[in-house]
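Working notes, beginning with the structure itself.
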Amino acid sequence: MKKRNDNQWIAIYGIMTVLLIAIHYLLDLDFFDAYDEYIPFLKKLSLSLFLIGLIFLISRIISKVVNNKTHLEGDRYNLLRIIRFLSIVFSFTVVISFLFESFYASIVSFGLFSLVVGFALQAPITSFIAWVYLIFRRSYLVGDRIQIKGFRGDVVEISYLDTSILECSGDYLVNDRRSGRIIRFPNSLILREEVINYSGSEVPFIWNETPVQVAYTSDLQFVEDSLLTAARTDFKNRYPQLEAQKYEKWQPAVYFRINANAWMEAVISYPVEPEDTTGRRNRILKHALPVLNASPDKVQFPEGAKR
């Protein structure tokens, strides 16, 4: 769909630029001598529209190349935003040049206008500067799961002034599933708050852990082996292409601890995609608990004096 839209707009802008430049030169024909007083204005207008059309034509061609060559969604989104912004800036410069007699006058007027607007719109300008910071610093990209000032969710849009995320957890959930609500916050927030990006250096995984309470009299080695088997089986079923590569850094691990109620806990630590934390925990437990329950002589769960 994106490729089709790019092709359509390239054709539209291409036809428009050809027609406008043709009109610009056709106005020199003797046929239009009767309208001499309007010719300079029309020629300037047609040339300005031609330049604007050319700017958007070039931006669409570059956008098509970016869509075809860039595979990461976040990088593609940022590049397209930059291209769109530059095309608007260049087009605005052409419009200013059309309104004023000289390019120098247009630059001066634009500078004065920017100075006045800068005082009146400090908050939006700060958010725009933060957007530029985001583009180059890459604190987060579209598709990343982030947390900032108590908000947590998946980034779906990074506009020039604000960021939109699909909320996870929230007021009505205690798991990591999307709540269905959209949170929008100004980009300027990242300049004064810490940003936690769950899509970190070990993409596509973060680490999670799930505790299982067992009695002190349990066969701890059997419990550990059962949990590791459950985690590895789920990983193999869900990521067969990664399992074949046998990455050591993504191997699950089990450790034991005493919780606040003086029970023994076997804790399975495993890699998980940020949006799959609840699902992966459920799959591991559904695989491990029947195995543990099937061996009551080796595994006792906390009850009575066995706590």
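The values are calculated or read from the model by the stated rules, or taken from the named source; none is laboratory data. Since the structure is predicted, the reported quantities are computational estimates derived from the model, not experimental observations. Neighbour counts run over all protein chains shown; Cβ positions are idealised from the backbone, glycine included.
Structure above, values below:
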quantity: Filter result for Leu141 (surrounded by 14 or more Cβ atoms within 10 Å (Cβ to Cβ) and free of Cβ contacts under 8 Å to residues at least 12 places away in the same chain); calculated: no
quantity: Selection within the stretch 205-233 - of a type in the set (A, V, I, L, M, F, W, C), within 17 Å of His287 (Cα to Cα) and part of a helix (DSSP H, G or I); calculated: Phe222, Val223, Leu227, Leu228, Ala230, Ala231
quantity: Residue, surrounded by the fewest Cβ atoms within 10 Å (Cβ to Cβ), within the stretch 257-307, restricted to residues that are among the polar types (S, T, N, Q) and in contact (Cβ under 8 Å) with a residue 24 or more places away in the chain; calculated: Asn261
quantity: Filter result (under 38 Å from the mean Cα position of the chain (by Cα) and aromatic (Phe, Trp, Tyr)) within the stretch 203-242; calculated: Phe205, Trp207, Phe235, Tyr239
quantity: Residue count for the stretch 157-212, restricted to those that are under 26 Å from Leu228 (Cβ atoms) and of a type in the set (A, V, I, L, M, F, W, C); calculated: 5
quantity: Subset of the stretch 229-242 that is surrounded by 15 or more Cβ atoms within 10 Å (Cβ to Cβ) and more than 26 Å from Val299 (Cα to Cα) - its residue that is modelled with the highest pLDDT; calculated: Arg238
quantity: Selection from the stretch 243-256 of residues that are exposed (fewer than 15 other Cβ atoms within 10 Å of the Cβ) and either part of a loop (DSSP other than H, G, I, E, B) or among the hydroxyl-bearing types (Ser, Thr, Tyr) (or both); calculated: Ala244, Gln245, Lys246, Tyr247, Gln251, Tyr255
quantity: Qualifying residue in the stretch 76-96 (condition: modelled with pLDDT under 65 and assigned to a helix (DSSP H, G or I)); calculated: no
quantity: Strands (runs of 3 or more DSSP E) contained entirely in the stretch 127-204, each with at least 3 residues that are under 22 Å from Arg280 (Cα atoms) and in contact with a Cys (Cβ under 8 Å, 6 or more places away or on another chain); calculated: 151-158
quantity: So Ser269, is it touching a Phe, Trp or Tyr at 6+ places or on another chain (Cβ under 8 Å) and either assigned by TED's automatic domain parsing to the domain that holds Lys149 or farther than 30 Å from Val132 by Cα (or both); calculated: yes
quantity: Count - residues of the stretch 1-47 that are within 30 Å of Asn67 (Cβ to Cβ), at pLDDT below 75 and of a type in the set (A, V, I, L, M); calculated: 1
